[in-house]
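The structure under discussion appears below in the form of structure tokens.
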Amino acid sequence: MDIRIGIANSPREISFESNQTPADVEKVVADALDSKKTYFTLKDAKGKVFLVPTAGVAYVEVGSEERGRVGFVS
């Protein structure tokens with residue numbers, strides 16, 4: 001699943017693939033924002049850990065787990 005995190009006042013975003021479910025990602029982010037934590041962590045599909053400061057989060061986009069299809073549509 002693709003995850004994109006927009007950072008306030010930054011032209012670039014954090015973008016990576018993760019094996020976590022959309023519900024897990026939503027829970028991690030929501031818990032961090034609700035509890036006023038200063039950061040939250042997410043892991044990508046290769047095992048890298050991302051520490052994201054909550055103060056700079058503009059948006060979090062969680063993609064679907066289904067991969068795009070290849071071929072022609074009739």
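Structure values in brief
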{"read-out": "With Cα atoms, 0 to 90° folded angle of helix 22-34 axis to the chain main axis", "value": "20 degrees"}
{"read-out": "Relative contact order (%) - the chain, alpha-carbon pairs under 8 angstrom, separation at least six", "value": "38 percent"}
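Bear in mind these aren't lab numbers, they're just calculated from the coordinates by the rules spelled out. It should be emphasised that the depicted structure is a prediction, and the values quoted were computed from it without experimental measurement.
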